[in-house]
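Undergrad: This structure is in structure tokens; I'll ask about it shortly.
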Amino acid sequence: EHRRDSREHVVWESHQDRGACPRESPSFHSRFTTLSITREPQSKHRASDGAVGTGQGCASTSSGAAAATTALFEPGGDGQTPQVVLLVGAPGMGKTMMVRKVMVEWGEGTLHMQFDFVFCIDCKAIVLPMEASVADLVSQCCPGLRVPAGKILDDQKKILFIFDGFEALGLSLVQPEAELSSDPREVKSLELTLMSLLKKTVLPKASLLITMRPRALGSLRRCLKGECYVEIVEILGFSAARREEYFHRYFENPSKADMAFRFVRGNKILYSLCVIPVMSWTICTILEQELCGKKNLLECSKATTGMMMFYLSQLLKHRDRDNPQVLQQFLRQLCSLAAEGIWKHKVLFEEKEIKDCGLDQPGLLPFFLNERITREGEDNGSVYAFTHLHLQEFFAAMFYVLEDDGEMVSSLGRLEKDINKLLESYNKSRKDLNVTVRFLFGLVSQKSIEYMDKTIGCRISPRAREELLEWLQGRHRGLSHPGQALKVSEMDTFHFLFEMNEKSFAQSALGHFTDLDLQDTKLTLYDQMALSFCIQHWAGLGSVTLQGCSFHWQDPEAELDASVPWVGVVPWVWWAGERPGQVRCAEPLLSVLSIRLRWCRLSESCCAELAALLAEHPGLACLELADSSLGDSGVRLLCEGLRTPGCHLRILR
């Protein structure tokens, strides 16, 4: 009875801000998606030689809906059951959700039944007294317990203490062992009381689950060394399969979930970022708003940059609002560090570099940079990395477009703020700068300029916008031969313009060109959307040549699903659905004089749409279908289009 009463109360207390007991809230169960984790057992007598952390790749990854939580207090390969589990992860990786999952499973009586009582303390939200006993901590955590806290602790029940966000307490873990307590009722300083729990001088049979950021791990690991069997669990985020699962759990409507995931799957940047749970939530939240009242995402107004800016605004919410100058200076130094790293192919930064940049601010740094988890016994100083490479690329792009009071140089004084140098390097050899350049275009759109100024407090230089337009126009002029038509033959140009998503800018950038010429390109849904946007705003387009190109509506790795409608998916020249070779004509090509589809694997199934193209586009003078497998029946359909009064075609190859 006591166990049931305690379980009901503690679960309620840990979620009182949500206004309902978790086991009565189906949303938690329906939304929770299993996280990938690595585990590093650290025995009482000998520390493990394995390493946990980004790029270390030492341990197995959990799988299965319950495995991520059940594994926390299960016997390891050596048969030992950990008494202390340290759950480590960057902000937004899902540490608190893991804690909630443990609480819900225990509260429902489905898992973790080895514990008679579970007490959860949210270190980020609760205000603990300067002096307290263990019994006082329990009473403050759960003031409505039917059984006095002292009696529960005296009976030496099987107890689990959870400290969520341990580093938020800001306590010193160096305390005289002679002063540690062995009595759960004894009042001591908060540091000594917590150290007594950690060192097992009080309630030696109790278990501890402690969540923290990587930066706090080193001191806590040293504190626990040799005291008990400890397991370090690092949260790695969502695996590829779990990303798709999360989208389907987030959206109640299966067709919207499928549409949203296909949209993200076709955008390599967004899909990669979805490994971070909070980024998956950010993207789903935005796409849900975009889908509200719409049938599809073809006119999605939020490009990748827009989602990154929204994510940044969430990170900065309620942080240093009283001192915006400090926040702005931090962001500038962060962008400077990111840009310098991108130039040098550098993703790891030493502690000295962080301090030299003025970034060693505990209230801000962990939200942008992770401290790498080092091997036990390593003492080479802390090493930091951005939460994701694409985040580093985003901040690097910000470095080049932010307005500054003076000559903007990197924090170490070695990198000039020269956007043209970046663009020329990309053009010549540094194709790894593609994502950074794409973010440049996204950041200088009018919507981005207004959003950054109003929401984040950063001013974007209008000069950067002019420089990008000049570069884009000059870039393709240099690629076209003298005397020939000016053509656009680089797919990334369409990505850049689509990222910016401004009609007038696209018209200015493409206005001097007459030909589109792509070769040997696998066009994803995202590619086709980018092309669709650009062609609609390309008034001077006269010729379209696609040679050896293929079209993909869905993830090429996924199985073909004949139940998914393909007609009307992309409002572009043509598109392929689930069946190779099917095409569909569309409005953007009304002014085009010549279409060349060479070695694009067209079959007879596309000929009805090609016939419609001939009938509905009177300006079309040349159609080339080299190396296709149209068959006699396909050509007959084509002939029907040739006979229509609206067809003025002069050349068919």
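Undergrad: State, as an integer percentage, the relative contact order of the stretch 240-301 based on alpha-carbon contacts under 8 Å between residues 6 or more apart.
TA: Value for the stretch 240-301: 31 percent.
Undergrad: Another one. With the other protein chains left in place, how much accessible area per residue, in square angstrom, belongs to the stretch 323-475 at a 1.4 angstrom probe?
TA: Solvent-accessible surface per residue comes out at 44 Å².
Undergrad: Considering only protein heavy atoms, with the full assembly of protein chains and a 1.4 angstrom probe, order 617, 648 by accessible area, largest first.
TA: Solvent-accessible surface, decreasing: 648, 617.
Undergrad: At a 10 angstrom cut-off on C-beta neighbours, averaged per residue, how do the peptides 343-353, 383-393 rank from highest to lowest?
TA: Averaged packing, sorted descending, gives the order 383-393, 343-353.
Undergrad: If I compute solvent accessible area with a 1.4 Å probe over the protein chains, what percent of it on the stretch 323-475 is carbon and sulfur?
TA: 48 percent
Undergrad: Tell me, what is the per residue accessible area of the stretch 240-301 in Å², probe radius 1.4 Å?
TA: 44 Å²
Undergrad: Right, something else. Could you give me the percent of Cα pairs per 5 Å distance bin for the stretch 323-475, shortest bin first, beginning at zero and ending with the bin that holds the maximum distance?
TA: 2, 9, 18, 22, 20, 14, 8, 4, 2, 1, 0, 0
Undergrad: May I pose another question? Nearest 0.05, what FRET efficiency do residue 355 and residue 459 give at R0 = 30 Å with Cβ-Cβ as r?
TA: Rounded to the nearest 0.05, the efficiency is 0.65.
Undergrad: Ranked highest first by the average count of other Cβ atoms within 10 Å around their residues, in what order do 75-81, 633-639 fall?
TA: Taking the mean over residues of other Cβ atoms within 10 Å, the ranking is 633-639, 75-81.
Undergrad: Also: List the lysines whose alpha-carbon lies under 27 Å from that of residue 151, not counting same-chain residues fewer than 8 positions away?
TA: 188, 199, 200, 205
Undergrad: What is the percent carbon and sulfur in the accessible area of the stretch 72-132, measuring with a 1.4 Å probe over the protein chains and ignoring ligands?
TA: Whole-percent figure for carbon plus sulfur exposure: 57.
Undergrad: Probe of 1.4 angstrom, ligands and nucleic acids ignored: what's the accessible area per residue over the stretch 99-144, in square angstrom?
TA: That works out to 37 Å² for each residue.
Undergrad: If you consider only alpha-carbon coordinates, what radius of gyration and Dmax does the stretch 240-301 have, in Å?
TA: Gyration radius and largest Cα-Cα distance of the stretch 240-301: 10.4, 29 Å.
The values are calculated or read from the model by the stated rules, or taken from the named source; none is laboratory data. Quantities reported herein were computed from a predicted structural model and do not represent experimental measurements. No Cβ is skipped: glycine too gets one built from the backbone with ideal geometry, and neighbour counts run over all protein chains shown. Note: areas computed on protein heavy atoms with side chains; ligands, DNA, RNA excluded. Shrake-Rupley method; radii C 1.70, N 1.55, O 1.52, S 1.80 Å.
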